[in-house]
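Heads up, the thing below is written out as structure tokens.
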Amino acid sequence: MGKLRVTQVKSSIKRPKNQKLTLEALGLTRIGVSVEHDATPSIVGMINKVKHLISVEEVK
């Protein structure tokens, strides 16, 4: 299981509440914040839900 670095690149303003809550669950609070997560199915599902607001890199 690999690691993923998730960075918020777009604002959550004027987004549906479920997308805001997903960003918060990922640990993203504002633009430019990066967090690392294990690539579990639940994390990958959350990433897919807000993929238009974030960028994802694989960490070695």
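When region 1-34 is examined, which residues are found to be in a loop (DSSP other than H, G, I, E, B) and open to solvent by 90 Å² or more (accessible area, probe 1.4 Å)?
Answer for region 1-34, where residues must be in a loop (DSSP other than H, G, I, E, B) and open to solvent by 90 Å² or more (accessible area, probe 1.4 Å): 1, 10, 13, 14, 29, 30, 31.
If you take the residues in region 48-60 that are outside any strand (DSSP E or B) and out of contact with any Ser or Thr (no Cβ under 9 Å at 6 or more places or on another chain), which one is farthest from residue 9 (Cα to Cα)?
In this case the residue turns out to be 60.
The values are calculated or read from the model by the stated rules, or taken from the named source; none is laboratory data. Being a predicted model, the structure only gives us computed values, none of them experimental. Virtual Cβ from ideal backbone geometry, glycine too; neighbours counted across all protein chains shown. Remember, those area values only see protein heavy atoms, side chains included, never the ligands or the DNA or RNA. Shrake-Rupley method; radii C 1.70, N 1.55, O 1.52, S 1.80 Å.
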